[in-house]
Amino acid sequence: MNFLRGVMGGQPAGPQPSGAETIQKLCDRVASSTLLEDRRDAVRALKSLSKKYRLEVGTQAMGHLVNILQADRSDSEIIGYALETLYNMISNDEEEEPEESEDGDSSGLGKRNSKSVMLEENSQKQADDLGVQFTEIFIKEQENVTLLLSLLEEFDFHVRWPGVKLLTALLKNQCAQVQGVILVSPMGVSRLMDLLADSREVIRNDGLLLLQQLTKGNAAIQKIVAFENAFERLLDIITEEGNSDGGIVVEDCLLLLLNLLRNNSSNQNFFKEGSYIQRMKPWFEVGDDNSGWSAQKVTNLHLMLQLVRVMVCPVNSPGATSSCQKAMYQCGLLQQLCTILMATGVPADILTETINTVSEVIRGSQVNQDYFASVNAPSNPPRPAIVVLLMSMVNERQPFVLRCAVLYCFQCFLYKNQKGQGEIVATLLPSTIDANSISAGQLLCGGLFSADSLSNWCAAVALAHALQDNLTQKEQLLRVQLATSLGNPPVSLLQQCTNILSQGDKISRRGSKVQTRVGLLMLLCTWISNCPIAVTHFLHNQANIPFLTAQISENLGEDERLVQGLCALLVGICIYYNDNSLENYTKEKLKQLVEKRIGKENFVEKLGFITKHELYSRAAQKPQPTFSSPEQMLFDHEFTKLVKELEGVITKAVHKSSEEEKKEEEVKKTLEQHDSIVTQYKELIREQDTQLNELKEQVSSLKTENEQMQATITHQLSQIQQHKDQYNVLKLKLGKDSAQQLSAQAEGAQVNGLQSEELTGLREEVEELRKQHAELQVQLREKDALIDKLRSGPAPPVEGIATSSENNAELLKELETLRSKVQSQTAEIGQLQAERRDLLKKVETCSAMVSVPTAAGSTDGAGDSGKIAELESRLVALMGETEKLKEEAKSSLESRAGLERQLAEANSTVAILQTEKAKLQQEVADSKKEQDDLLMLLADQDQKIQTLKSKLKDLGEPIEDEDDLDTRDQFDEDEDEEDDEDDEN
């Protein structure tokens, strides 16, 4: 303890030990002491010396400190001292430097001199190297990092906070190696994510810094952190801290979000699907008073705008960018950004970044572009936002970065937006010009012809984007007429551009204007490319071609080479897209002119100056124009695509001879003819395929109907069989009943009167006959219902016509049998009626034969007369029932006649269907024959095409393969199908 007092306290007498000796003794005390308090005091002393004697403590004490972390985990105080000591050894934070200098000043070793800046840089570099070396030593054993991760689970502040700082320092010095250890450590990332939930703000804030270092450049860790609910936690923290008005914590959260989302499509999709884009809208709510923005708020809004741009960056996949743009419009985020765009008092750098952000939110999205076109500035009278922005672009007093941002916004507004292109060009046409208001076209023309070369270039590029891939607007812009001066006739915009180009050449001989000429040449090349009418208008001016050839043929300085290359490109476009409508400037004459005045090789060399320029490759990298100075604004991103597309074809067009060109044109015409024939045959085959598919569908439906009809007929046959059985049973019963009636009549004829028992039996028999007849009527009604159902149902299929005709024949036979049976029943009923009449006669006879009753037989006579009266009443009832049976038999006969008519109609329908079947079979045979003929013709055409292609290949022309044509046809078919589906929807 006396030793420690000597180190930490006053100055004892005698010679003082050196720093290395003191550290060595402390390390021995840490390694050998058995008491925890002694080890704790020694580690505390090492911590106090670790900043001043960083090298000595790192080289001698690191191993002992790691042992402390492993052996003394139960004591949080010594663990905290050990972690802080390790942090002081490994950390390279500049904030520690002032303390070191103060210590050095107190010892007289760190006084500043005239070379202080250089010494500070060297010392900082040495300190950084020392921290990296100590980090390598520490992480060489991966168990050390795993041990540190396990210590972070301790809730004690004195353990957790220095552990977080130590791990952050390790990641700063050796990021990739430490990331690899954490990635393979079980629950390693999850333990670090728990730091964001710590209630102590200092640990939470340092945890943010740790996660920033952890997620740098490692997509796997970024995904794990994102799926550990990082987005939800970070957005909650930003909201709690006050969004854009928050402090440094909001900045740290935004930096971590940028690390998670930049160049990580998986996390971007997860962010969008989790509806987190909607939670970004409150970030951009600004009030009416925008004065006095703090530096932290400006930084926060910069990062928030960058976060929006990460989601809609042009380098992302088109599908992901489109869905994010849609979400930003639907949740009102785009509207909020446009509000900032038109607000007053917004700092210039925030306004510039907002313009760039809005540009990428609307780029290529028709809905967003239409909304942006409708935004008006809060002025009196209101002006469109596009007009206000263009006013800033052509104003040379505005900051350079702001003008670049406006140009980018205008380019994004017109990107794949033919509607917007048409609206911009329409503001230049004579019929739509309004003298009382400023339009976008007027601003572009004003910038195009102003004295500021940067305005010339920006206006030319902006106008070129209004013509990009839009043949209609290129032709419409030819109608624009400009009044150059009083008393002179108006000239076209195309002619005025060439006039300024020639005047700029004279001025450039004295100084500058190279930027203006490059902008005008890019505009002209974009304008007349793929537009033969514009080429004709350009060649119609006799002075244009001589001026261009003179520019190309001269030997000018290094700065003029780019202009020569663009002039060569413009001449090449005039050759390649020439329709030979002007006799003096046909393709052949222009090539002869190039060969005589310039030379083919020299022309191609000058053309190559464009792509060899150092600024060309920089502009080709990304759509946004990012230039450090106005002088570097020479190329546009879309124009680099046009140069890449045209350089090769122009070179071939210049080198071709007239004979080769004629042969090529003949071959092209032949190929076009053959292509048209093949296209016609393909369309015919497609139509026949469609017809065949329809016939197949009809056949399949007819098969289904046939199966249904077969099932119905089978059911009908079973019912008819049941009816046969029931009829046979009835026939047997009727036979028995008639025999019983005859025997009863014979017995009744033997007596002089009818007995009551016989009459009762006769009545019962008649009742049974009536019931049987009623059952027959019910069965007949069921048959009628079935026949009506068959008539109302679908027509039988072609394949089932033969079967249905056979079944109908069987039905006719069965109906005939039923008719004969019913007729026999009718005869039997007539016989019964005759028997009843005989019985009535007998009753009358019996009543006449009755004599005067005697005293003894008066009672019998009276009884017989009562029986006779009762019998008569019963006979009358039987007669009525018999009449009803007759009527029912008559109706059954009529229903049978109706059935016969229905069967006749069915037979006629069957005959018609058979005829249609024969016709369909004949049509199918004819179509197959036509297809065979077409295939033969196609084979002949393919042979001719192969011959022509071989000729073209011999001539050195690129030929598209047949697979490419088929792929293009298939692509066209898919687009047609998608259009049809859209129309149906």
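The values are calculated or read from the model by the stated rules, or taken from the named source; none is laboratory data. Bear in mind that the values here come from a model prediction, so they are computed numbers and not experimental data. No Cβ is skipped: glycine too gets one built from the backbone with ideal geometry, and neighbour counts run over all protein chains shown. Heads up: the accessible areas ignore ligands, DNA and RNA and are worked out on the full protein's heavy atoms, side chains in. Shrake-Rupley method; radii C 1.70, N 1.55, O 1.52, S 1.80 Å.
Condition check ((1) closer than 18 Å to Gly319 by Cβ; (2) hydrophobic (A, V, I, L, M, F, W, C)) across all residues:
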position	(1), (2)
Cys253	no, yes
Ser266	yes, no
Lys272	yes, no
Gln296	no, no
For segment 481-515, what are the residues that are in a loop (DSSP other than H, G, I, E, B) and either at pLDDT below 65 or among the hydroxyl-bearing types (Ser, Thr, Tyr) (or both)? Thr484, Ser485, Arg509, Arg510, Gly511, Ser512
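Yes/no matrix, rows are residues, columns are (1) under 28 Å from the mean Cα position of the chain (by Cα); (2) loosely packed, with under 15 Cβ neighbours inside 10 Å; (3) without any contact (Cβ under 8 Å) to a residue 12 or more places away in the chain:
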residue	(1), (2), (3)
Leu214	no, no, no
Phe227	yes, yes, no
Ile237	no, no, no
Leu260	yes, no, no
Pro282	yes, yes, no
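Quick grid of which residues meet (1) within 19 Å of Thr516 (Cα to Cα); (2) surrounded by 17 or more Cβ atoms within 10 Å (Cβ to Cβ); (3) in contact with a Lys or Arg (Cβ under 9 Å, 6 or more places away or on another chain):
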{"residue": "Ser437", "(1), (2), (3)": "no, no, yes"}
{"residue": "Leu444", "(1), (2), (3)": "yes, yes, no"}
{"residue": "Leu463", "(1), (2), (3)": "yes, yes, no"}
{"residue": "Leu478", "(1), (2), (3)": "no, yes, no"}
How about segment 547-617: which helices (runs of 4 or more DSSP H) wholly inside it have at least 2 residues that are at pLDDT 90 or above and in contact with a strand residue (DSSP E or B) (Cβ under 7 Å, 6 or more places away or on another chain)? none
Listed by first then second residue, the pairs whose first member lies in segment 45-58 and is open to solvent by less than 10 Å² (accessible area, probe 1.4 Å), whose partner is part of a helix (DSSP H, G or I) and among the aromatic types (Phe, Trp, Tyr), with beta carbons under 7 Å and at least 6 positions apart or on separate chains, are Gly58/Phe134
When you check Gln418 against the structure, is it open to solvent by 30 Å² or more (accessible area, probe 1.4 Å), within 27 Å of Gln481 (Cα to Cα) and among the polar types (S, T, N, Q), yes or no? yes
Among (1) open to solvent by less than 90 Å² (accessible area, probe 1.4 Å); (2) without any contact (Cβ under 8 Å) to a residue 60 or more places away in the chain; (3) within 30 Å of Gln688 (Cβ to Cβ) - the single one Lys929 does not satisfy: (1)
Conditions: (1) farther than 18 Å from Thr344 by Cβ; (2) surrounded by fewer than 20 Cβ atoms within 10 Å (Cβ to Cβ); (3) over 19 Å from the mean Cα position of the chain (by Cα). Val298 meets all but one. Number of the miss? (1)
Please work out if Glu360 is surrounded by 18 or more Cβ atoms within 10 Å (Cβ to Cβ) and touching a Pro at 6+ places or on another chain (Cβ under 8 Å). yes
Could you list, in sequence order, the residues of segment 590-628 that are farther than 21 Å from His655 by Cα and surrounded by 13 or more Cβ atoms within 10 Å (Cβ to Cβ)? His613, Leu615, Tyr616, Arg618, Ala619, Ala620, Pro623, Gln624, Pro625, Thr626, Phe627
Report yes if Val401 is open to solvent by less than 60 Å² (accessible area, probe 1.4 Å), without any contact (Cβ under 8 Å) to a residue 60 or more places away in the chain and assigned to a helix (DSSP H, G or I), otherwise no. no
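Matching residues to (1) out of contact with any Asp or Glu (no Cβ under 6 Å at 6 or more places or on another chain); (2) modelled with pLDDT of 90 or more; (3) assigned to a helix (DSSP H, G or I):
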site	(1), (2), (3)
Ser114	yes, no, no
Leu119	yes, no, yes
Ser123	yes, no, yes
Gln126	yes, no, yes
Leu130	yes, no, yes
Glu136	yes, no, yes
Ile139	yes, no, yes
Val164	no, yes, yes
Leu171	yes, yes, yes
Could you check segment 317-372 and list, in sequence order, the residues that are touching a residue at least 60 places away in the same chain (Cβ under 8 Å) and β-branched (Val, Ile, Thr)? Val346
Matching residues in segment 191-203 (assigned to a helix (DSSP H, G or I), open to solvent by 20 Å² or more (accessible area, probe 1.4 Å) and not acidic (Asp, Glu)) number 3
Need the failing condition index for His540 against (1) closer than 24 Å to Asp469 by Cα; (2) surrounded by fewer than 16 Cβ atoms within 10 Å (Cβ to Cβ); (3) modelled with pLDDT under 90, just the number. (3)
